[in-house]
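Before any comments, here is the structure.
The values are calculated or read from the model by the stated rules, or taken from the named source; none is laboratory data. What you are looking at is a predicted structure, and each value in this text was computed from that prediction instead of being measured. A quick note on method: Cβ atoms are made from the backbone with ideal geometry, for glycine too, and the neighbour counts reach across all protein chains shown.
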């Protein structure tokens, strides 16, 4: 999986204003549970349709961006956490073991139909 580092509020605006679905994965580099969730996401990434950008947010370095995400899409901050953003809305968010790439893919497919 080719992660796009999420490092600026400008990127959040691009994601927010995009007509394409985008994935944001929020990860704590200090948390083994977050590491396991990241590994699981990467293993299932082959299911994600081509062309869906996947952003990676390092919470230790960019906690302020996580706060902006929580505010912009009215989603409580958690770590690890995966969000699916499309047309200014958060269509999916889950944390820890509740993260399901299959569910994300289903939501992506629904946006394309």
Yes or no: region 16-27 includes at least one residue that is out of contact with any strand residue (DSSP E or B) (no Cβ under 8 Å at 6 or more places or on another chain), buried (at least 18 other Cβ atoms within 10 Å of the Cβ) and on the phi < 0 side of the Ramachandran plot.
no
Are any residues in region 1-15 surrounded by fewer than 16 Cβ atoms within 10 Å (Cβ to Cβ), in contact with a helix residue (DSSP H, G or I) (Cβ under 7 Å, 6 or more places away or on another chain) and either under 27 Å from residue 46 (Cβ atoms) or modelled with pLDDT under 95 (or both), and if so, which ones?
1
Quick check on region 35-42. Is at least one of its residues buried (at least 20 other Cβ atoms within 10 Å of the Cβ), part of a loop (DSSP other than H, G, I, E, B) and in contact with a strand residue (DSSP E or B) (Cβ under 7 Å, 6 or more places away or on another chain)?
no
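In region 72-84, how many residues are in contact (Cβ under 8 Å) with a residue 60 or more places away in the chain and part of a strand (DSSP E or B)?
Number satisfying all stated conditions: 2.
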Out of region 85-113, which residues are on the phi > 0 side of the Ramachandran plot, in a loop (DSSP other than H, G, I, E, B) and in contact with a helix residue (DSSP H, G or I) (Cβ under 7 Å, 6 or more places away or on another chain)?
88
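Please specify each residue of region 19-34 satisfying the condition of being over 18 Å from residue 100 (Cβ atoms) and either part of a helix (DSSP H, G or I) or modelled with pLDDT of 95 or more (or both). If you could, list the steps in order and put the result at the bottom.
Step one: of region 19-34, the residues over 18 Å from residue 100 (Cβ atoms) are 19-20, 28-32.
If the condition is that a residue be over 18 Å from residue 100 (Cβ atoms) and either part of a helix (DSSP H, G or I) or modelled with pLDDT of 95 or more (or both), then 32 is the only one that fits.
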Can you say whether residue 69 is surrounded by 14 or more Cβ atoms within 10 Å (Cβ to Cβ), in contact (Cβ under 8 Å) with a residue 24 or more places away in the chain, under 11 Å from the mean Cα position of the chain (by Cα) and assigned to a helix (DSSP H, G or I), as far as the supplied structure shows?
yes
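Could you check, for region 49-61, whether at least one of its residues is exposed (fewer than 14 other Cβ atoms within 10 Å of the Cβ) and touching a strand residue (DSSP E or B) at 6+ places or on another chain (Cβ under 7 Å)?
First pass over region 49-61, keeping only residues exposed (fewer than 14 other Cβ atoms within 10 Å of the Cβ): 49-51, 60-61.
Then drop every residue that is not touching a strand residue (DSSP E or B) at 6+ places or on another chain (Cβ under 7 Å), which leaves none.
Scanning region 49-61, I find no residue that is exposed (fewer than 14 other Cβ atoms within 10 Å of the Cβ) and touching a strand residue (DSSP E or B) at 6+ places or on another chain (Cβ under 7 Å), so the answer is no.
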